[in-house]
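Data first, discussion second: the structure below is written as structure tokens.
The values are calculated or read from the model by the stated rules, or taken from the named source; none is laboratory data. Everything numeric here is computed off the predicted structure, so don't read it as measured data. A quick note on method: Cβ atoms are made from the backbone with ideal geometry, for glycine too, and the neighbour counts reach across all protein chains shown.
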Amino acid sequence: MNMPSPWRVLRRGGHILLLVPDCAASVSKGLQLYRPQRLPARLFVGAVSRFPFGRLFLKRIKGSILSGAAIQTVLDTTEATLVCLLLGNPSQEERRIILLAETGTGHHFIIKLGWGVLAVEKISRERKFLEMNAGRNAVIPSLTNVWSENQWEAFAIPYFDAPGDVPFEKVCEVLKSWCPDSPAVRLSSLDEWMGVVSQISDEKEREFLINRSAGLRIKKSLSHRDFAPWNVLSSKNGDVSVIDWEFGRDEGVPGWDLVHYLFLSAYLVDRLPASEASIRVVNLLESKAKCVELVKYWGWAGNVDLLVKSYFYSMSEQLENFAELAGEIHAA
């Protein structure tokens, strides 16, 4: 398939991040798929998308960008045209892209597509989670279409027009809604908890978590496992949608998602050193009213250090130095 030309290209770190047709309407709409968190990038994207000639700040490319039967198939099936193409992280091995498509009636929707073994595995995992849980909570997107072929897989979800950030109070409401007001269970009964504890190589630390968690009862919760600011969207009328459920679990450890959100906000957005970011997280959980309320609701009251330490261990296989950060968290 020959993609339309010319295109405007947004790059990050020298790599192509976003491709949009060279017209003001498409650029403005397409840039909504990219939600930078740092102020300079946000100001740049805002200027490009709002001003009539803002697209001139983006490099113009002519000719065929890429070809692929998968993209052609999903567009033909939905009788839609391509508005924007968001490429995956070039540092990752799997090949995944996100398409913003538009029907002839002006209806927009998102297609998440991956090809190759690793990408198909992640797309399939997220699709299955959405199939099982979309009706369980209002913020989980519903599937509108699914494609599964030998070499690739894709699914479509509604497009969520998200012009602004989600207030932190609303973020806390979302997390609380994942944890129904039901009887608490023993923390050690949760597979997600035991899976993390069993993988800790430091015997002293492993025993610490086992001993401290003995008898601790918490509420079961949906678990996102990548609950970051850029994955929480707010519409103009205040509705919220949470995207990227590839690591989602039906019954997870409540609180880890909140720690993840706070840590990434401090570490990746505010650019604090990792050790300082972890200290900020502990302080917020112990002092910020909404955080304190959630910690108590989940059953972690008096055990903030255990919550944060266990979160870092839960991420140690995905993110470098997180085991070391976990070891730096000490009991109050």
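The conditions are (1) over 30 Å from residue 292 (Cα atoms); (2) among the charged types (D, E, K, R); (3) assigned to a helix (DSSP H, G or I), and residue 176 fails exactly one of them. Which is it?
Unmet condition: (1).
Note down all Cβ pairs under 6 Å where the first residue falls in the stretch 211-237 and is under 23 Å from residue 301 (Cβ atoms), the second is part of a helix (DSSP H, G or I) and of a type outside the set (A, V, I, L, M, F, W, C), and they're at least six residues apart or on different chains.
213/188; 224/257; 227/257; 227/260; 227/261
Residue check: is residue 204 in a helix (DSSP H, G or I) and within 28 Å of residue 182 (Cβ to Cβ)?
no
Report whether or not residue 275 is in contact (Cβ under 8 Å) with a residue 40 or more places away in the chain and under 21 Å from the mean Cα position of the chain (by Cα).
Considered against the rule, which asks whether it is in contact (Cβ under 8 Å) with a residue 40 or more places away in the chain and under 21 Å from the mean Cα position of the chain (by Cα), residue 275 comes out as no.
Show me the helices (runs of 4 or more DSSP H) entirely contained within the stretch 230-332 in which 3 or more residues are surrounded by fewer than 16 Cβ atoms within 10 Å (Cβ to Cβ), modelled with pLDDT of 90 or more and charged (D, E, K, R).
Helices (runs of 4 or more DSSP H) meeting the threshold: none at all.
Evaluate the stretch 98-120: report whether one residue or more is assigned to a helix (DSSP H, G or I), loosely packed, with under 14 Cβ neighbours inside 10 Å and not assigned by TED's automatic domain parsing to the domain that holds residue 243.
Scanning the stretch 98-120, I find at least one residue that is assigned to a helix (DSSP H, G or I), loosely packed, with under 14 Cβ neighbours inside 10 Å and not assigned by TED's automatic domain parsing to the domain that holds residue 243, so the answer is yes.
Given the criteria out of contact with any Leu (no Cβ under 8 Å at 6 or more places or on another chain), crowded, with 19+ Cβ neighbours inside 10 Å and closer than 27 Å to residue 102 by Cβ, does residue 126 qualify?
When the stated conditions are applied, residue 126 passes them.
Hey, among the residues in the stretch 148-166 that are in a loop (DSSP other than H, G, I, E, B) and surrounded by 13 or more Cβ atoms within 10 Å (Cβ to Cβ), which one's modelled with the lowest pLDDT?
Ranking the qualifying residues of the stretch 148-166, first place goes to 162.
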